[in-house]
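Participant: Can you keep this structure in mind? I'll have questions shortly.
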Amino acid sequence: MPALPPAEGQEPLFALAEAEEDPGDRAPMPPHPFRASARARRMVRIRHVYAEPAARDAPRGRRILAALPGVPVTEVASHWRIPALHGEETNVARWTRVKTEVLVLGVRQSLTVRPNGRSADWIAPGASNGCAMACAYCYVPRRKGYANPVTLFTNTDAIAGAVARHVRRLGPKREPNQCDPLAWVYDIGENGDCSVDALLCDSTAELIAAFRELQHAKASFATKFVNPDLLGYEPRGRTRIRFSLMPPADSRLLDLRTSPVAERIAAAGDFLDAGYEVHFNLSPVVLRPGWQRDWSELLTHLDDVLPRAVKEQAAAEVIMLTHNKALHEVNLGWHPRAEEVLWQPEAQEAKRSQNGAENVRYAYGIKARALERLTGLIAERAPWLRVRYAF
């Protein structure tokens, strides 16, 4: 199928088939056998790249493009403002195809480390924005318009440096909290999925390697994709991977292009053995007929199949569904069945998120009762699973 046409007034460039790399411009990276697999190619079959000039010409940008010989590249002034992607309404009907075939390269300008206090102590500047998976409830595309493919930032070294300086300023963690008793926890994947990013570049491997050297800090990221290449990244206990889980029936409807829930659960032991801390995100919790039964079955499955070693160190985050009217309208154009369970005006109320977005969430009383019931199910079916926070 043809790639997206270049934006008006922009001429396509062509990938650098023989991009040269400065000797010693990066540390040796682990091998990536899964990256070359047929399954990985089904997730990302890049046929067009949009790139800021500085990102295209950076060493990482040249390496990414060298792995995509013959793929046309369109120069753009900003990774945030690409009319052929974000401003083109017809892309809604091609929502998943755009995610599969389009890649954006940019340079991250803001290197601010933000406080969090829920999932992590701090939100690190992300090395990506957007995802090749297509979860219908995802908050990231709410700011993007009509397309949300992966954007990779080529200045991962600057991101790692900003975090390292932040950790040094903080010094040791003096008091334990629900994020971690000893280490400052930094979420490195707020707006993307690090496991999917690793199909396209070495940013995830390099960030995990950077945290190996940070005595008082720990990386953390949530994922819905099992990428076996990450097993070779040697986190040495300094990275927490959080497998996002929901009942399989919900996942089949809402978690398009993700790894099956059973596969995510089955991978937990392998990732623990590889040196990761393994937690779980029970999210989003979607209220619909039969939700309590299905969550009960999922928790029972966790208790039945997880190794004892995983259970002894596991913890969970419980996150109720938050939705957004603009995303609701976009979803109606490519996946209206999802909106039958996501959009429930009679049960939802307005909510302003921490980033200022106008969203909707379950009304206070409905949400409180659902959280009470779900945490009760956890206590009954998986009593070993400590809930770090629920909201």
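Participant: Name the single residue that is farthest from E101 (Cα to Cα) among those in region 114-172 being among the β-branched types (V, I, T) and modelled with pLDDT of 95 or more.
Facilitator: Applying the filter and picking the extreme gives V167.
Participant: In region 359-386, which residues are open to solvent by 50 Å² or more (accessible area, probe 1.4 Å) and aliphatic (A, V, I, L, M)?
Facilitator: Answer for region 359-386, where residues must be open to solvent by 50 Å² or more (accessible area, probe 1.4 Å) and aliphatic (A, V, I, L, M): I366, A379.
Participant: Determine whether region 215-228 contains at least one residue that is surrounded by fewer than 22 Cβ atoms within 10 Å (Cβ to Cβ), closer than 30 Å to R174 by Cβ and at pLDDT below 95.
Facilitator: yes
Participant: Right, here's the next one. Condition test on M43, is it more than 28 Å from R169 (Cβ to Cβ), out of contact with any strand residue (DSSP E or B) (no Cβ under 9 Å at 6 or more places or on another chain) and open to solvent by less than 20 Å² (accessible area, probe 1.4 Å)?
Facilitator: Considered against the rule, which asks whether it is more than 28 Å from R169 (Cβ to Cβ), out of contact with any strand residue (DSSP E or B) (no Cβ under 9 Å at 6 or more places or on another chain) and open to solvent by less than 20 Å² (accessible area, probe 1.4 Å), M43 comes out as yes.
Participant: Here is a follow-up. For V98, indicate whether it is among the aliphatic types (A, V, I, L, M) and modelled with pLDDT of 95 or more.
Facilitator: Considered against the rule, which asks whether it is among the aliphatic types (A, V, I, L, M) and modelled with pLDDT of 95 or more, V98 comes out as yes.
The values are calculated or read from the model by the stated rules, or taken from the named source; none is laboratory data. Remember, predicted model here, so these are calculated numbers, not experimental data. So basically every Cβ, Gly included, is an ideal-geometry build from the backbone, and we count neighbours across all protein chains shown. These area figures cover heavy atoms from the full protein model, side chains too; ligands, DNA and RNA do not enter into them. Shrake-Rupley method; radii C 1.70, N 1.55, O 1.52, S 1.80 Å.
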